[in-house]
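Scroll down for the structure; my scribbles are underneath it.
Throughout, read-outs are computed from the coordinates displayed, never taken from laboratory work. It should be emphasised that the depicted structure is a prediction, and the values quoted were computed from it without experimental measurement. Cβ: placed from backbone, ideal geometry, glycine included. Neighbour counts: every protein chain shown.
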Amino acid sequence: MEKIETFRGLNDFSFLDQTDFKKKYATGPLENTIRFYIGGIRCGKCVRKLEDLALTVAGIKNIRVELGNKIASVEIDPATLSFSELAESIKKLGFVPTPLMTQNDEAELQKNEDRSDIIRLAVAGICAGNIMTYSFGNYFGVSGNLLTLFSWLSFTLYLPVVTYVAWPFYLGALSSFRQKRLSIDLPMAVASIFGFVFSSIQLIRGRSDFYFDSLSGFLFLILASRWVQKHLQRHFLDGVENVQANQLERVRKMNSSGWTWIPSERLEIGDDLLLLQEETVPVGAELVSEKGYFHLVWLTGEADSKLFLQGSQVPAGAKLISDSVCLKMKSSLAETEFGKILKNVQRFSMSKNRTVALSDLWAQWLLIFVFTVAILFLVFYWPVLGEEAIRRALALIIVACPCAMAFGTPLALTSTLKKAKQIGLIVRNANVFQKVNAVKTIFFDKTGTLTDSNMTLTTDTDSIPDYYKQIILSLENKSQHPIAFSLRKAFHQFSGDLFPVHSFTEQHGFGVAGSINGKHYELRSSLLAEAKTSCYLFENHQPLIKLTFSAHLRPHCLGVLNNLRRKGFRVVLLSGDKKDVVENLAKQLNFSAVDVNYEATPEKKAQIIRDNPHSMMIGDGVNDSLAMMQAHVGIAVAGSVEAALKSSDIYLVDPSLMPLESLIDISKECLDLIHQNLFI
């Protein structure tokens, strides 16, 4: 540990100056610009504090901070200032800078889209305002050359409207045709083009009945409504930026002179790593240091510390919460269970949501009806009304445009998002409220969801001889089962060295076994009594010591389950724990025998969910992510928000499960409101 302590003063951002990492983080034609996610930024004063760095730190050519997404883009003079020195300067101000990759990711696309929307909206507003001003002259009786001038000015100002401003509507209408469905962009596109053609013909003929003012004003209002709607939803839908994942891209490799940053993909089996406090293990590794405390929030959802001793297998995704430790790489991230789950989660996050909103479906039928009526009216009344038939058909298409229908649903969802936030729900996608109403079966994970993930050793530790404590710790040193962590916690003051274990085995749902000092030892489960789990230490197949543990139910757990049953839901227990443990819990919580699943691996859980459509899965951590991805609605309980929202629809802040009932209630209210809006 003395060797590790000497590294703590080194620049934690030195990797930014290495060629391998510059390719990932540096942008701009001169590769002298970098983007940081700024943790701790809260207000305009923080923005000014950061931007003032350009005045106090030599080498900063330009710095721009976006308060909304907490991203700072900084251009430097490489001859004067390095990226690592820049990061240290930001850190000294009290902020936490996390460098962002250079790829044109979703955030960058969103920023470009917002910029384009603002420009389009500004053009629409300027043109519509001026056209309306010129139209007032016509309304108030202006005549002669002045009327002609105002009319042609209106025509000129409408040209950018019909070409540039209305372009998204044309693209939307064309896309809907390709998908063989109607879109609410279609009437806007038709109105814009045919209204322009009709009005231009009327202008050339010297008539004053044209619609440049109405059409431009209408397009501006529709664009403004869409922009407001988008930003209202984003205000509630913005997820938590995952800054931890960036740390998995790099590691500190130990060498004879200290350590150096290298990309994770260049690490080889057997390499020694240095991990500092609050960092995540990026590979499967063995603990070289005497001990270390980690939490497994990425894996199990629990944030309580777990003690690992020298020689323990530390899983990828574990986060160090104690002092610095040395690790030895045993497997790459891709080979670990954590890496495989992350890969599946990423694939899920990138897939398209094929759920068709109810409002879109109703809007399509309304469009079919409106266009059918407009065409029939034009055909039958053209011989009678002539040009008037064109005007009335065009007016029908414009007035009956279902844009209000399209806005009604998102605004209802936005209102429900606000309620969800107030009761402790973080929602990834507002469409989940419609999906909740279709749920018929609710699956609950056991550990960390219905019960506390921690177990407490209730056996008197003073009654266990130190020699057998040493045997128990040696057997459990490589295990990551909750019993192993509870034993290490109970025996943490034991100072003896661990024995080497030969022929070590760990069987899921059974226990651990191995040979120590020429004898065969087993630590395996025995029986269950009420809420207490028991296991025995066996020496040469003879039981020696009984160890008893207690687990605690989450508060209000039974009441929530009973209320869900009364609402008509089928409630199912889905756990990876052994049969006796799960069945005992099922009796306490009134689960019927057919609704209990035990010894289920993550893959088996996912298959069970697939076999039950219209299901909701409630679990914790990345370990349950495969099942949550397969569910109609996935809900994560406690643990890491960043990891949970990658694979679930909703993150439940309150581990008591009580907000579940409120979620169902507000989802029903939301659907009723949507139906009401659509009917009106």
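A few notes on this one:
- In order through the stretch 592-602: 3J(HN,Hα) via Karplus (6.51 cos²θ - 1.76 cosθ + 1.60), integer Hz, x for Gly, Pro: 6, 4, 6, 9, 10, 10, 10, 6, 9, 6, x
- FRET E, pair SER208, MET101, Förster distance 51 Å, beta-carbon r, rounded to 0.05: 0.30
- In order along the stretch 137-151, the Karplus-derived 3J(HN,Hα) couplings, from 6.51 cos²θ - 1.76 cosθ + 1.60 at θ = phi - 60°, round to x, 5, 5, 9, x, 5, 9, x, 4, 5, 5, 4, 4, 4, 5 Hz, and Gly and Pro are given as x.
- Judged by the mean number of other Cβ atoms found within 10 Å, the most tightly packed of the peptides 284-292, 91-99 leads the ranking 284-292, 91-99.
- Amide H to amide H, with H built 1.01 Å from N, PHE443 comes under 5 Å of VAL572, MET616, MET617, ILE618, counting only residues 5 or more places away or on other chains.
- Length added when fully stretched, GLU265-VAL594, from 0.36 nm per residue minus Cα-Cα: 113.8 nm
- Residue pairs exceeding 29 angstrom between C-alpha atoms, taken from LYS49/LYS419; LYS92/LYS421; LYS24/LYS92; LYS306/LYS328; LYS440/LYS578: LYS49/LYS419; LYS92/LYS421.
- The modelled label-to-label distance for the pair THR19/HIS502, using points 7 Å beyond Cα in the direction of Cβ, is 5.0 nm.
- Highest-first packing order for the peptide set 317-325, 422-430, 141-149, 561-569 is 317-325, 422-430, 561-569, 141-149, based on the mean count of other beta carbon atoms within 10 Å.
- For SER256 and GLN607, the FRET efficiency from 1/(1 + (r/R0)^6), where r spans their Cβ atoms and R0 equals 45 Å, is about 0.35.
- In order along the stretch 311-321, the phi-based Karplus estimate (6.51 cos²θ - 1.76 cosθ + 1.60, θ = phi - 60°) of 3J(HN,Hα) comes to x, 5, 8, 9, x, 4, x, 6, 10, 6, 10 Hz; Gly and Pro are listed as x.
- Computed extension gain for LEU55 through LEU558, at 0.36 nm per residue and net of the alpha carbon distance, reaches 175.1 nm.
- Long-range amide H partners of LEU450 with built H, under 5 Å: none
- Simple label model, 7 Å out from Cα along Cβ direction - PHE377 to GLN277, nm: 7.3
- Calculated FRET value between LYS587 and ALA334, using beta carbons and R₀ = 51 Å, to 0.05: 0.75
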